[in-house]
Amino acid sequence: MHVLKKIEIGDQERLRIVTEGARVGFTIINPDHCYAYANVTYGDILDFDSAEIIGKHMRDVLPDIYAEQI
């Protein structure tokens, strides 16, 4: 029997659960164009540890794309 339960968790924890299970790269970029969050898949795509890019400016992580598109 399948039973659904309401699980009360904070917004940050909910975001982590959803994005870490995603099979797509997912980021949150703050208004200063710095990484506030990057899931593991995003790090895998760029061949980075996703935790290493938190706080870095986008131009430092993706210089060609940043120069071209931002």
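Pick from GLU20, GLU13, GLU8, GLU52: which is modelled with pLDDT of 85 or more and out of contact with any Pro (no Cβ under 6 Å at 6 or more places or on another chain)? Before you say what the answer is, go through the steps one by one.
Working: GLU20 fails: modelled with pLDDT of 85 or more; GLU13 fails: modelled with pLDDT of 85 or more; GLU8 fails: modelled with pLDDT of 85 or more.
Step by step, each of GLU20, GLU13, GLU8, GLU52 is checked, and only GLU52 is modelled with pLDDT of 85 or more and out of contact with any Pro (no Cβ under 6 Å at 6 or more places or on another chain).
Report, ordered by the first and then the second residue, all pairs with beta carbons closer than 8 Å, sequence separation of six or more or different chains, a first member in the stretch 12-41 that is of a type in the set (D, E, K, R), and a second member that is surrounded by 11 or more Cβ atoms within 10 Å (Cβ to Cβ).
Cβ pairs passing all conditions: GLU20/ASN39; GLU20/VAL40; ARG23/THR41; ASP32/HIS57.
Quick check on my filter: what residues within the stretch 23-70 are of a type in the set (A, V, I, L, M, F, W, C) and in a helix (DSSP H, G or I)? Lay out the reasoning, then the answer.
First pass over the stretch 23-70, keeping only residues of a type in the set (A, V, I, L, M, F, W, C): 24, 26, 28-29, 34, 36, 38, 40, 45-46, 48, 51, 53-54, 58, 61-62, 65, 67, 70.
Those that are of a type in the set (A, V, I, L, M, F, W, C) and in a helix (DSSP H, G or I): VAL40, ILE45, LEU46, ALA51, ILE53, MET58, VAL61, ILE65, ALA67.
Do you know which residues across the stretch 25-39 are under 11 Å from the mean Cα position of the chain (by Cα), of a type in the set (A, V, I, L, M, F, W, C) and modelled with pLDDT of 90 or more?
Of all residues in the stretch 25-39, those under 11 Å from the mean Cα position of the chain (by Cα) come to 25-29, 35-39.
Among the residues that remain, those that are also of a type in the set (A, V, I, L, M, F, W, C) are: 26, 28-29, 36, 38.
Residues satisfying the conditions are ILE29, ALA36, ALA38.
Among the residues of the stretch 55-70 satisfying the criterion of being among the acidic types (Asp, Glu) and modelled with pLDDT of 90 or more, which is surrounded by the most Cβ atoms within 10 Å (Cβ to Cβ)? Write out each step before concluding.
First, pick out the residues of the stretch 55-70 that are among the acidic types (Asp, Glu): 60, 64, 68.
After this cut, where a residue has to be modelled with pLDDT of 90 or more as well, the list is 60, 64.
On the way: ASP60: 12, ASP64: 8.
For the stretch 55-70, the residue satisfying everything is ASP60.
The values are calculated or read from the model by the stated rules, or taken from the named source; none is laboratory data. The structure displayed is predicted, hence computed values, not measured ones. Quick reminder, even Gly has a Cβ in these numbers, built from the backbone with ideal geometry, and neighbours come from all protein chains shown.
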